[in-house]
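In what follows, a single structure is set out as structure tokens and then discussed.
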Amino acid sequence: MAEFVVFAVFALAALAGAFVMLVARNPVYSAIGLLTTMFSIAVFYVLLDAHFIAAIQVIIYTGAVMTLFMFVIMMIGVDRDEDTSERLPYQRPIGIILAIGFAGVIVVAGSGAWVTGSASFAVPDLNGTIETIADELFGTWTVPFLGTVFLLTIAAVGTIALARYGPTGPRPVDDGEEPT
Amino acid sequence: MTLTAGWFMGLAAVLFALGGAGVLLRRNALVMFMSIELMLNAVNLTFVAASKALGQVEGQVATLFVIVVAAAEVTVGLAIIVAIFHRRASADVDEFAELRG
């Protein structure tokens, strides 16, 4: 029962955060809403006994990713309200209809197995500690794990290349002097 | 009421739909990108809920891989947005419609 109360409170927080992200005109408010949702999802991971994933969620998503988002929002200076006047006015209703239809299809497709479905969690209780995940990750999934090493290296190199090279070749190196 | 995996999956479906609506309805590239992150998080939640319901740890390993890929995606995606912004001084995706720089 106590678990259900915690779930209900943070489910409301997650939905409110996602809704704020969707409707806020200012990207900073959108980022704050998404931050709320991601932290709530970390609480759900704790409820599901996925303790390591919960820690990773807080460190990477609410820590690194959202900080990067806020940094970029501030750096490119789009932290002002968005102009929502439409030049092609029929597209927004079509988008709303598509979104509602998509949600409806998901609910219809899953309603047989969800809330009324499997009555309880599996009997061999799973505890998502670092040890259990590491056994699986470095036992069965070693090669895909090494693949992520290449992926992250390529992403880092690509980011540097995107930042370093402009339309006319390498950008001039900043020599640390104040611009005049 | 008891808490089952179905509650988490239903919530994840709603969050996924909200993220999809964000991609469809918003024109700010940064907010569209945040919506994609929300969809990835919703899928992660279903993975972990299924992992708990079935008593198998593979779902949590899959979540770990999704988080790694999402982190790589965020760095490259934001670098692209910043590079486009330096040319266009706008984060509105309608402004990016032409292929000529």
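The values are calculated or read from the model by the stated rules, or taken from the named source; none is laboratory data. Note that the coordinates shown come from a computational prediction; the quantities given were computed from them, not determined experimentally. Glycine gets a Cβ as well: all are built from the backbone with ideal geometry, and neighbour counts include every protein chain shown.
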Just wondering, is there one or more residues in region B:35-55 that are without any contact (Cβ under 8 Å) to a residue 24 or more places away in the chain, facing another protein chain (nearest Cβ under 7 Å) and surrounded by fewer than 17 Cβ atoms within 10 Å (Cβ to Cβ)?
-> yes
Being of a type in the set (A, V, I, L, M) and under 13 Å from A:Ile41 (Cβ atoms) narrows it down to one of B:Leu54, B:Leu11, so name that one.
-> B:Leu11
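Quick grid of which residues meet (1) modelled with pLDDT of 85 or more; (2) in contact with a strand residue (DSSP E or B) (Cβ under 7 Å, 6 or more places away or on another chain); (3) more than 7 Å from chain B (Cβ to nearest Cβ):
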residue: A:Pro93; (1), (2), (3): no, no, yes
residue: A:Phe102; (1), (2), (3): no, no, no
residue: A:Val108; (1), (2), (3): no, no, yes
residue: A:Trp141; (1), (2), (3): yes, no, no
residue: A:Pro144; (1), (2), (3): yes, no, no
residue: A:Ile154; (1), (2), (3): yes, no, yes
residue: A:Val157; (1), (2), (3): yes, no, yes
residue: A:Gly166; (1), (2), (3): no, no, yes
residue: A:Pro172; (1), (2), (3): no, no, yes
Which condition number does A:Ile32 fail, the rest of (1) over 16 Å from B:Val48 (Cα atoms); (2) over 17 Å from the mean Cα position of the chain (by Cα); (3) not polar (S, T, N, Q) being met?
-> (2)
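Specify which of the listed residues (A:Phe4, A:Phe19, A:Phe52) is facing another protein chain (nearest Cβ under 10 Å), surrounded by fewer than 22 Cβ atoms within 10 Å (Cβ to Cβ) and touching a Leu at 6+ places or on another chain (Cβ under 6 Å).
The conditions single out A:Phe4.
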Checked B:Leu64, B:Leu40 against criteria (assigned to a helix (DSSP H, G or I) and more than 22 Å from A:Ile130 (Cβ to Cβ)); the one match is B:Leu40
